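The values are calculated or read from the model by the stated rules, or taken from the named source; none is laboratory data. All values derive from a computational prediction rather than experimental measurement. Positions of Cβ are generated from backbone atoms using ideal geometry, with glycine treated the same way; all protein chains shown enter the neighbour counts. When the accessible area is computed, the model is the full protein with side chains, heavy atoms only, and any ligands, DNA or RNA have been set aside. Shrake-Rupley method; radii C 1.70, N 1.55, O 1.52, S 1.80 Å.
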Amino acid sequence: MSRRSIVFCALAVLAAILFVRLGLWQLARLHEKVQRNTAIAAQQGQPSVQFASLPRDTATAHYRRATAAGAFDYDHELVLASRTHQGSPGVELVTPMRLAGTDTAVLVDRGWVYSPDGSSVDRARWREGDSATVTAYVQQYAPDAGNTAAGSDPRLVRRVSWREVSSRIPYPLAPYYLVQIGDTASSHPVRREMPALDDGPHRSYAIQWFFFAAIALVGALAVIWKERRMP
(Lines give C-alpha, C1' and ligand atoms only; values in the text may rest on other atoms or scores of the structure.)
Protein backbone atom coordinates (compact mmCIF):
# COMPACT_ATOMS: atom_id res chain seq x y z
CA MET A 1 0.00 0.00 0.00
CA SER A 2 1.10 3.53 -0.68
CA ARG A 3 2.03 5.86 2.18
CA ARG A 4 -1.01 8.01 1.37
CA SER A 5 -3.37 5.03 1.64
CA ILE A 6 -1.82 3.93 4.93
CA VAL A 7 -2.32 7.40 6.41
CA PHE A 8 -5.92 7.48 5.16
CA CYS A 9 -6.73 4.09 6.67
CA ALA A 10 -5.11 5.00 9.99
CA LEU A 11 -7.13 8.21 10.20
CA ALA A 12 -10.30 6.30 9.24
CA VAL A 13 -9.73 3.77 12.05
CA LEU A 14 -9.07 6.55 14.58
CA ALA A 15 -12.21 8.35 13.44
CA ALA A 16 -14.23 5.14 13.77
CA ILE A 17 -12.94 4.65 17.34
CA LEU A 18 -13.92 8.22 18.19
CA PHE A 19 -17.38 7.80 16.64
CA VAL A 20 -17.96 4.55 18.55
CA ARG A 21 -17.00 6.23 21.83
CA LEU A 22 -19.39 9.09 21.09
CA GLY A 23 -22.13 6.56 20.34
CA LEU A 24 -21.49 4.75 23.62
CA TRP A 25 -21.57 8.10 25.43
CA GLN A 26 -25.00 8.81 23.96
CA LEU A 27 -26.20 5.37 25.07
CA ALA A 28 -24.96 6.12 28.58
CA ARG A 29 -26.89 9.39 28.55
CA LEU A 30 -29.96 7.52 27.32
CA HIS A 31 -29.63 5.10 30.24
CA GLU A 32 -29.41 8.03 32.67
CA LYS A 33 -32.46 9.67 31.08
CA VAL A 34 -34.49 6.45 31.30
CA GLN A 35 -33.59 6.06 34.98
CA ARG A 36 -34.48 9.70 35.66
CA ASN A 37 -37.81 9.36 33.83
CA THR A 38 -38.61 6.23 35.80
CA ALA A 39 -38.04 8.12 39.06
CA ILE A 40 -40.08 11.11 37.84
CA ALA A 41 -42.94 8.87 36.68
CA ALA A 42 -43.00 7.24 40.11
CA GLN A 43 -43.20 10.66 41.78
CA GLN A 44 -45.88 11.85 39.36
CA GLY A 45 -47.93 8.75 40.06
CA GLN A 46 -48.04 9.28 43.81
CA PRO A 47 -51.27 10.62 45.30
CA SER A 48 -51.64 14.36 45.67
CA VAL A 49 -50.66 15.64 49.12
CA GLN A 50 -51.03 18.83 51.08
CA PHE A 51 -48.16 21.22 50.45
CA ALA A 52 -47.14 21.14 54.11
CA SER A 53 -46.69 17.35 53.86
CA LEU A 54 -44.14 17.53 51.02
CA PRO A 55 -40.57 16.53 51.87
CA ARG A 56 -38.09 19.37 52.20
CA ASP A 57 -35.69 17.61 49.83
CA THR A 58 -36.23 19.24 46.43
CA ALA A 59 -35.26 16.12 44.46
CA THR A 60 -37.75 13.94 46.34
CA ALA A 61 -40.54 16.50 46.02
CA HIS A 62 -39.91 17.34 42.36
CA TYR A 63 -42.97 16.68 40.14
CA ARG A 64 -45.11 15.55 43.08
CA ARG A 65 -48.76 16.57 42.89
CA ALA A 66 -49.79 18.84 45.74
CA THR A 67 -52.55 21.14 46.88
CA ALA A 68 -51.98 24.39 48.73
CA ALA A 69 -54.37 26.87 50.30
CA GLY A 70 -53.59 30.44 51.17
CA ALA A 71 -53.83 34.06 50.10
CA PHE A 72 -52.29 35.35 46.88
CA ASP A 73 -50.01 38.37 47.21
CA TYR A 74 -50.58 40.11 43.87
CA ASP A 75 -48.49 43.13 44.91
CA HIS A 76 -45.36 40.98 44.63
CA GLU A 77 -46.42 38.96 41.60
CA LEU A 78 -43.69 38.19 39.05
CA VAL A 79 -44.07 38.08 35.28
CA LEU A 80 -42.10 35.35 33.54
CA ALA A 81 -41.36 36.91 30.16
CA SER A 82 -41.09 35.42 26.67
CA ARG A 83 -43.26 32.33 27.10
CA THR A 84 -45.14 30.83 24.16
CA HIS A 85 -48.29 28.73 24.01
CA GLN A 86 -49.33 27.02 20.78
CA GLY A 87 -47.10 29.41 18.85
CA SER A 88 -48.46 32.61 20.44
CA PRO A 89 -46.28 34.99 22.48
CA GLY A 90 -47.08 35.59 26.10
CA VAL A 91 -45.98 35.51 29.71
CA GLU A 92 -46.57 33.36 32.76
CA LEU A 93 -47.80 34.84 36.03
CA VAL A 94 -45.89 33.68 39.10
CA THR A 95 -47.68 34.75 42.28
CA PRO A 96 -46.60 34.31 45.91
CA MET A 97 -49.12 32.48 48.06
CA ARG A 98 -49.01 33.30 51.78
CA LEU A 99 -49.67 30.11 53.70
CA ALA A 100 -51.66 30.16 56.92
CA GLY A 101 -49.75 29.59 60.13
CA THR A 102 -46.29 30.39 58.72
CA ASP A 103 -44.27 33.34 57.50
CA THR A 104 -43.08 31.29 54.51
CA ALA A 105 -44.77 31.68 51.13
CA VAL A 106 -44.73 29.49 48.06
CA LEU A 107 -44.58 30.81 44.52
CA VAL A 108 -47.36 29.58 42.25
CA ASP A 109 -46.99 29.66 38.47
CA ARG A 110 -50.65 30.33 37.73
CA GLY A 111 -50.27 29.88 33.97
CA TRP A 112 -49.82 31.58 30.62
CA VAL A 113 -51.55 34.69 29.27
CA TYR A 114 -51.22 36.32 25.87
CA SER A 115 -48.81 39.23 25.48
CA PRO A 116 -47.91 40.51 21.99
CA ASP A 117 -44.42 41.58 23.05
CA GLY A 118 -43.85 38.74 25.50
CA SER A 119 -43.53 41.07 28.48
CA SER A 120 -46.35 43.59 28.98
CA VAL A 121 -49.57 42.37 30.56
CA ASP A 122 -52.48 43.78 32.54
CA ARG A 123 -51.86 41.83 35.73
CA ALA A 124 -55.01 43.15 37.41
CA ARG A 125 -57.06 41.56 34.62
CA TRP A 126 -55.89 38.09 35.69
CA ARG A 127 -56.42 38.24 39.43
CA GLU A 128 -58.37 35.26 40.74
CA GLY A 129 -59.35 36.42 44.19
CA ASP A 130 -57.25 36.73 47.30
CA SER A 131 -57.85 33.34 48.94
CA ALA A 132 -57.44 30.24 46.82
CA THR A 133 -56.77 26.52 46.85
CA VAL A 134 -54.54 25.36 44.01
CA THR A 135 -53.79 21.95 42.54
CA ALA A 136 -50.26 21.86 41.16
CA TYR A 137 -47.05 19.96 40.75
CA VAL A 138 -43.73 20.78 42.41
CA GLN A 139 -41.03 22.41 40.30
CA GLN A 140 -37.42 23.14 41.19
CA TYR A 141 -35.94 26.59 40.80
CA ALA A 142 -33.85 27.12 37.67
CA PRO A 143 -30.09 27.36 38.16
CA ASP A 144 -28.88 30.85 39.00
CA ALA A 145 -27.36 32.64 36.03
CA GLY A 146 -26.24 36.15 35.16
CA ASN A 147 -28.62 39.07 34.85
CA THR A 148 -31.99 37.54 34.04
CA ALA A 149 -34.05 40.68 34.40
CA ALA A 150 -36.32 41.00 31.40
CA GLY A 151 -36.55 44.80 31.31
CA SER A 152 -36.92 47.91 33.43
CA ASP A 153 -39.97 46.55 35.26
CA PRO A 154 -38.69 44.89 38.48
CA ARG A 155 -41.57 42.39 38.23
CA LEU A 156 -40.23 40.95 34.96
CA VAL A 157 -37.91 37.92 35.02
CA ARG A 158 -36.73 35.51 32.34
CA ARG A 159 -36.42 32.47 34.59
CA VAL A 160 -37.61 31.37 38.01
CA SER A 161 -34.23 31.09 39.73
CA TRP A 162 -33.76 31.39 43.46
CA ARG A 163 -31.53 34.45 43.25
CA GLU A 164 -33.93 36.35 41.00
CA VAL A 165 -37.16 35.63 42.85
CA SER A 166 -35.86 35.84 46.42
CA SER A 167 -34.46 39.32 45.74
CA ARG A 168 -37.94 40.49 44.74
CA ILE A 169 -39.99 38.85 47.51
CA PRO A 170 -39.72 40.44 51.00
CA TYR A 171 -40.40 37.27 53.03
CA PRO A 172 -39.12 33.67 53.16
CA LEU A 173 -39.94 31.35 50.27
CA ALA A 174 -40.35 27.58 50.09
CA PRO A 175 -37.37 25.67 48.60
CA TYR A 176 -39.39 24.94 45.45
CA TYR A 177 -42.40 26.41 43.72
CA LEU A 178 -45.71 25.13 42.38
CA VAL A 179 -46.95 24.99 38.80
CA GLN A 180 -50.73 25.09 38.77
CA ILE A 181 -52.57 22.55 36.65
CA GLY A 182 -56.26 22.30 35.82
CA ASP A 183 -58.84 23.27 33.22
CA THR A 184 -58.32 25.66 30.28
CA ALA A 185 -61.10 28.14 31.03
CA SER A 186 -60.57 31.58 29.47
CA SER A 187 -61.40 33.28 32.77
CA HIS A 188 -57.97 32.49 34.19
CA PRO A 189 -54.42 31.98 32.86
CA VAL A 190 -53.86 28.85 30.76
CA ARG A 191 -52.76 26.17 33.19
CA ARG A 192 -49.88 23.86 32.51
CA GLU A 193 -50.19 20.12 31.99
CA MET A 194 -48.09 17.56 33.83
CA PRO A 195 -44.70 17.35 32.09
CA ALA A 196 -44.51 14.74 29.34
CA LEU A 197 -41.65 12.28 29.64
CA ASP A 198 -39.57 11.11 26.68
CA ASP A 199 -36.16 9.55 26.16
CA GLY A 200 -34.84 12.50 24.17
CA PRO A 201 -32.67 12.26 21.04
CA HIS A 202 -29.88 10.17 22.58
CA ARG A 203 -30.82 6.89 20.85
CA SER A 204 -30.93 8.49 17.40
CA TYR A 205 -27.65 10.32 18.08
CA ALA A 206 -26.00 7.04 19.08
CA ILE A 207 -27.20 5.37 15.87
CA GLN A 208 -25.79 8.28 13.85
CA TRP A 209 -22.36 7.99 15.49
CA PHE A 210 -22.26 4.23 14.92
CA PHE A 211 -23.27 4.84 11.30
CA PHE A 212 -20.42 7.32 10.88
CA ALA A 213 -18.02 4.74 12.36
CA ALA A 214 -19.23 2.15 9.85
CA ILE A 215 -18.73 4.60 6.98
CA ALA A 216 -15.15 5.30 8.12
CA LEU A 217 -14.30 1.59 8.30
CA VAL A 218 -15.97 0.81 4.98
CA GLY A 219 -13.98 3.63 3.40
CA ALA A 220 -10.73 2.19 4.78
CA LEU A 221 -11.62 -1.30 3.52
CA ALA A 222 -12.48 0.10 0.10
CA VAL A 223 -9.05 1.75 -0.14
CA ILE A 224 -7.31 -1.49 0.89
CA TRP A 225 -9.31 -3.51 -1.65
CA LYS A 226 -8.52 -1.02 -4.39
CA GLU A 227 -4.80 -1.03 -3.56
CA ARG A 228 -4.65 -4.83 -3.70
CA ARG A 229 -6.38 -4.94 -7.10
CA MET A 230 -3.92 -2.51 -8.62
CA PRO A 231 -1.19 -4.21 -10.68
How much accessible surface area, in Å² rounded to 10, belongs to the heavy atoms of HIS188 with a 1.4 Å probe?
-> 20 Å²
VAL49-ALA145 FRET efficiency (beta carbon distance; Förster radius 45 Å; 0.05 resolution) | 0.90
For THR84, solvent-accessible area (1.4 Å; no DNA, RNA or ligand), Å² | 110 Å²
Report relative contact order for the chain in percent, whole number only (criteria: Cα-Cα under 8 Å, sequence separation at least 6).
-> 27 percent
Going from most exposed to least, what order do VAL179, VAL13 have by accessible area with a 1.4 Å probe?
-> VAL13, VAL179
Going by alpha carbons, how many degrees (0 to 90, nearest 10) lie between the helix axis of 3-44 and the longest principal axis of the chain?
-> 30 degrees
The answer for the chain, accessible area per residue at 1.4 Å probe in Å², is 57 Å²
May I ask you to derive the FRET efficiency for THR38 and SER161 from their Cβ-Cβ distance with R0 = 22 Å, giving the value to the nearest 0.05?
-> 0.20
Using Cα pairs under 8 angstrom and six or more residues apart, how large is the relative contact order of the range 42-112, in percent?
-> 23 percent
In terms of the ratio Rg/(2.2 N^0.38 Å) built on C-alpha atoms, what value belongs to the chain?
-> 1.49
Order the following by accessible area, largest value first: MET97, MET194. Probe radius 1.4 Å; ligands, DNA and RNA are ignored.
-> MET194, MET97
Here the gain from full extension of ALA59 to GLU227, 0.36 nm per residue of separation minus their alpha-carbon distance, amounts to 54.5 nm
Using only Cα atoms, find the angle between the long axis of helix 202-229 and the longest principal axis of the chain, and express it within 0 to 90 degrees, rounded to the nearest 10.
-> 10 degrees
